[in-house]
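Contents: one structure, followed by commentary.
The values are calculated or read from the model by the stated rules, or taken from the named source; none is laboratory data. The structure presented is a predicted model; accordingly, all values stated were derived computationally and were not measured. Note: ideal-geometry Cβ built from the backbone for every residue, glycine included; neighbour counts use all protein chains shown. For accessibility, only protein heavy atoms count, side chains too; no ligands or nucleic acids. Shrake-Rupley method; radii C 1.70, N 1.55, O 1.52, S 1.80 Å.
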Amino acid sequence: MKCMKYGVVGFSGRMGKEIINVFTDAGHELVLKSDALGTERGGRPDVILDFSSSAALPVTIALCEGYAAPLIAGTTALGDADLTALKTLSEKVAVVQSFNFATGVTLLRMIMRDYAPLLESWDLEIEETHHNKKKDAPSGTAILLRDATGRKNAPTHSMRIGGVPGDHSLRFGNEGEILTFAHRALSRGVFAIGALSAAAFAVEAKPGFYTFEDVLNKGRKV
Ligand code: NAD
């Protein structure tokens, strides 16, 4: 993979540090860092990654527009106005947005979209567990998986405990059977590895709004 110059919004956070580790190991160069305290510019980024807070979005969008740099948008708890702003940005640069950059979660989403309609008459309960510093609940991933089932009102339960990077399960049940689909992230590194694939995709992509599913479908390697 060609060396990318990249910027990270949220560089001092848990995900920012993981991203810098994974990108450094892969030989890419950090040229822009931004967090709640401000922005340090050391060059023109080929791509910008934002894993921070929705409050950072206006600055992130201005940076992407200023450098004509594609964006990997990983922040969760984005509102409708934030998503609209990202879609507007995607008219100028490639934007890859996902509430979860793990391959397994993306496959689970695809499975839910295809097969949950067959279980329409079954009960459905969704559970998610995360570390005790996570600010939003339910998680963006739980919402993404719930949306994929087409059952936006399915009961969704959140637990915040210890250092769990992210557990999600969807449990379907009828009078005779329980069917459980579950995903566990073993470390935050998986999200950073996914963000690296998304960055490599985005630097080659035309302007547009993409999901991590588009990234996986292009590579077709999981
Ligand atoms: P964290 O609290 O450890 O770090 C947050 C970072 O954002 C810090 O660097 C902080 O300074 C910065 N920040 C906060 N407000 C800001 C602002 N107004 N302007 C600029 N920077 C600001 O959080 P984290 O665990 O690293 O998670 C960050 C985000 O990434 C959360 O939304 C989380 O849910 C999300 N996340 C997404 C994925 C994914 O795969 N999409 C995976 C894990 C976490």
Completion exercise
Binned at 5 Å starting from 0, the alpha-carbon pair-distance distribution of the chain in whole percents comes out as 1, 7, 15, 19, 19, 16, 11, 6, 3, 2, 1, 0, 0
Exercise for the section: Quick one: net charge around Ile178, please, counting Lys, Arg +1 and Asp, Glu -1 for every other residue with C-beta under 14 Å from its C-beta. Expected result: -4
Handout entry: Alpha-carbon centroids, the stretch 10-55 and the stretch 59-98: separation in whole Å
Key = 15
Handout entry: Whole-Å distance, taken between Cα centres, linking the stretch 125-147 and the stretch 162-222
Key = 13
Problem - Entries in Lys17/Lys92; Lys87/Lys133; Lys33/Lys87; Lys2/Lys135; Lys92/Lys133; Lys33/Lys134 that, when Cα-Cα distance is taken, lie over 32 Å - result: Lys2/Lys135; Lys92/Lys133
Handout entry: Degrees between helix 57-67 axis and first principal axis of the chain (Cα, 0 to 90, nearest 10)
Key = 50
Handout entry: Value of [θ]222 nm, deg cm²/dmol, for the chain, DSSP H segments ≥ 4, -39500 (n - 2.57) each, nearest 500
Key = -11000 deg cm²/dmol
Problem - Exposure rule at most 16 other beta-carbon atoms within 10 Å, DSSP loop trypsin sites (Lys or Arg not before Pro): the chain longest free segment - result: 3-91
Handout entry: Charge dipole (debye, nearest 20) of the stretch 103-184; +1 at Cβ of Lys and Arg, -1 at Cβ of Asp and Glu
Key = 500
Exercise for the section: Run the 1.4 Å probe and let me know the accessible area of His183, rounded to the nearest 10 Å². Expected result: 40
Completion exercise
Here P(r) for the stretch 103-184, Cα-Cα distances in 10 Å bins, as whole percents, is 19, 52, 25, 4
Handout entry: Average Cα contact separation per residue, the chain, under 8 Å, 6 or more apart, as relative contact order %
Key = 22
Handout entry: Two-decimal log10 I(q)/I(0) for the stretch 172-222, as the Debye equation yields it once each C-alpha is a single scatterer, q = 0.27 Å⁻¹
Key = -1.07
Practice task
Just the number, please: percent antiparallel of the DSSP beta bridges in the chain, rounded to the nearest 5.
Solution key: 45
Completion exercise
Of every hundred units of 1.4 Å-probe accessible area on the chain, the number belonging to carbon and sulfur atoms, as a percent, is 52
